[in-house]
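Read the structure below first, then the notes.
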Amino acid sequence: MLKKLRLDTWGKDALVILLTNLSDIEKIASAAESGVADYLVKADWKLEDVVSKVKEKLAGIPDEE
């Protein structure tokens, strides 16, 4: 899905946080090469922490005018 998103004009620069159960080093490296903002393994995160992480990333995005 990330590869398809990055092919799109809008999607090539979209902020992406991956939430997955895959903790494979190769998958993490591939995601990093694709420019993901963060890679979260579900088993390591509580829902509240995921929400906080999303808010943190969104706070860093300037408002469009």
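Tell me the net charge near K53. Cut-off is 14 Å between Cβ atoms, K53 excluded, with +1 for each Lys or Arg and -1 for each Asp or Glu. Computed value for this residue: -1. In the chain, the portion of solvent-accessible area held by carbon and sulfur atoms comes to 54 percent [1.4 Å probe, whole percent, DNA, RNA and ligands not counted]. With contributions of -39500 (n - 2.57) from each DSSP H run of at least four residues, the per-residue ellipticity at 222 nm computed over the chain stands at -12500 deg cm²/dmol.
With all protein chains kept in place, the per residue accessible area of the chain amounts to 83 square angstrom at a probe of 1.4 angstrom.
With a Förster radius of 25 Å applied to the beta-carbon distance between T9 and V51, the computed FRET efficiency rounds to 0.30.
Strictly greater than 18 Å: what percent of every Cα pair in the range 7-65 meets that? When every Cα pair of the range 7-65 is considered, 42 percent fall beyond 18 Å. Were the residues from K42 through I28 laid out at 0.36 nm apart, the gain over their Cα-Cα distance would be 3.7 nm.
Residue ranges 18-28, 33-43 sort as 33-43, 18-28 when ordered by packing (mean number of other C-beta atoms within 10 Å per residue, highest first).
The values are calculated or read from the model by the stated rules, or taken from the named source; none is laboratory data. Source: prediction; values computed, not measured. Cβ: placed from backbone, ideal geometry, glycine included. Neighbour counts: every protein chain shown. Surface areas here come from the heavy atoms of the whole protein model, side chains and all, with no ligands, DNA or RNA. Shrake-Rupley method; radii C 1.70, N 1.55, O 1.52, S 1.80 Å.
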